[in-house]
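Participant: Right, I'll just put the structure down here and ask away after.
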Amino acid sequence: MSLPHAILTALLERPSSGLELTRRFDKSIGYFWSATHQQIYRELGRLEESGLIRVLPAERPARGQKKEYEVLPAGRDELTEWVGRAEDPKPVRDPLLLRLRAAGVVGTAGLVVEMRRHLGLHRAQLAEYTAIEERDFSPGPSSTEDRLRHLVLRGGIELETFWITWLTEALDDVQSGAQPRRAGELTGDG
């Protein structure tokens, strides 16, 4: 996914000013596609220059008024084409995984503290996602848009659940000096 596509998605959901868009990124899209405020504003300019979005006309022009953007038909076409485009999964690049690998050659000093910190962060994120799910997604009929949003949230919940399970087991292994379990041993498949 790219930032332009994230912005087009957000603007199709609701036309917004740059400030509103950055706030929405901080509260929703940013959970799975992060961007700085500078990156968002820079990309808004590029999308406008490319003819994919436009600034909505102001009711009363005023100096210093925030610009509100909407997606043009070319922007919707670009996003529609992108949704159907083939793209391979990206490799996981997590510094904690690299730290564990490095600990194999330099020792584990300080590693347990960092692993516990990460475990706490993942537990907090899971609690936040679960609260969002309870607040925003009640059982029963819902629109396609809401079902797809819920699927994205469920993906986040599953990823956090994975990290919590994995970190708990990894901490046990690191602290006890035990051999890490093989994938089949974790699931009972092997």
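The values are calculated or read from the model by the stated rules, or taken from the named source; none is laboratory data. It should be emphasised that the depicted structure is a prediction, and the values quoted were computed from it without experimental measurement. Note that we place each Cβ from the backbone using ideal geometry, even for glycine, and neighbour counts take in every protein chain shown. The accessibility values were calculated without ligands, DNA or RNA, using every heavy atom of the protein model including side chains. Shrake-Rupley method; radii C 1.70, N 1.55, O 1.52, S 1.80 Å.
Participant: Based on Cα positions only, what radius of gyration and what Dmax would you give for region 35-138, in angstroms?
Facilitator: Taking only Cα atoms of region 35-138, I get Rg and Dmax of 22.1, 65 Å.
Participant: Using only the heavy atoms of the protein chains and a 1.4 Å probe, how would L167, L19 rank by accessible area, largest first?
Facilitator: Largest to smallest exposure gives the sequence L19, L167.
Participant: So which residue, out of G177, G18, G120, gets the largest mean-square fluctuation from a GNM of the chain using Cα contacts under 10 Å as springs?
Facilitator: G177
Participant: Next question, about the same structure. Name the long-range amide H neighbours of S17: under 5 Å, sequence gap of 5 or more, or other chain; modelled H, no Pro or chain starts.
Facilitator: Amide H neighbours of S17, under 5 Å, 5+ apart: Y69.
Participant: Output ³J(HN,Hα) for region 156-164: one whole-Hz value per residue in order, computed from phi by the Karplus curve 6.51 cos²θ - 1.76 cosθ + 1.60 with θ = phi - 60°, and x for Gly and Pro.
Facilitator: Couplings: x, 4, 5, 5, 5, 4, 4, 4, 5 Hz.
Participant: Hey, another quick one. Bin all alpha-carbon pair distances of the chain at 10 Å intervals from 0 and give each bin's fraction as a whole percent.
Facilitator: Spelled out bin by bin, the chain gives 7, 25, 28, 21, 13, 5, 1 percent.
Participant: Once amide H atoms are built 1.01 Å from N in the peptide plane, which residues 5 or more positions from A35, or in another chain, come under 5 Å H to H?
Facilitator: Here the answer is none, since no amide H 5 or more places off falls under 5 Å of that of A35.
Participant: Given the protein chains as shown and a 1.4 Å probe, how many square angstrom of T161 are accessible, to the nearest 10?
Facilitator: The accessible area of T161 comes to roughly 60 Å².
Participant: Okay, helix-only estimate at 222 nm for the chain: each DSSP H run of n ≥ 4 adds -39500 (n - 2.57), divide by all residues, round to 500 deg cm²/dmol; what do you get?
Facilitator: After summing the helix terms and dividing by the residues of the chain, the value is -21000 deg cm²/dmol.
Participant: Charges on Cβ only, +1 for Lys and Arg, -1 for Asp and Glu, centred on the Cα centroid of the chain; of L100, G140, G155, which one is farthest towards the dipole's positive end?
Facilitator: L100
Participant: On a straight-distance basis, which lysines could pair with K90 in a cross-link, Cα separation under 28 angstrom, same-chain partners fewer than 8 positions away excluded?
Facilitator: K27
Participant: Still on this structure, please answer the following. Given a Förster distance of 41 Å, report the FRET efficiency between L96 and R46 from their Cβ-Cβ distance, rounded to the nearest 0.05.
Facilitator: 0.80
Participant: Looking at the square roots a ≥ b ≥ c of the eigenvalues of the Cα gyration tensor of region 1-96, which shape do they give, rounded for a/c under 1.5, prolate if a/b is larger than b/c, or oblate?
Facilitator: oblate
Participant: With a 1.4 Å probe and all protein chains kept in place, how much accessible area does F162 have, in Å² rounded to the nearest 10?
Facilitator: 100
Participant: Over the chain, what is the relative contact order in whole percent, taking alpha-carbon pairs under 8 Å and six or more residues apart?
Facilitator: 17
Participant: While we're here: Please list the non-local residues whose amide H lies under 5 Å from the amide H of I53, H modeled 1.01 Å from N, same-chain partners needing a gap of 5 or more.
Facilitator: For I53, the qualifying residues are E48, L72.
Participant: Carbon and sulfur atoms: what percent of the 1.4 Å accessible area of region 1-71 do they account for?
Facilitator: Result for region 1-71: 49 percent of the exposed heavy-atom area is carbon or sulfur.
Participant: Here's a follow-up. Taking only protein heavy atoms and a 1.4 Å probe, what accessible area per residue, in Å², does the chain have with all protein chains in place?
Facilitator: With the other protein chains kept in place, the chain gives 70 Å² per residue.
Participant: Hey, which aspartates and glutamates would be in cross-link range of K66, C-alpha to C-alpha under 12 Å, not counting anything within fewer than 8 residues on its own chain?
Facilitator: Output for K66: E20.
Participant: A follow-up question, please. D for region 97-150, whole µm²/s, Stokes-Einstein with Kirkwood Rh over alpha-carbon pairs at 25 °C and 0.890 mPa s: what number?
Facilitator: The estimated diffusion coefficient comes to 174 µm²/s.
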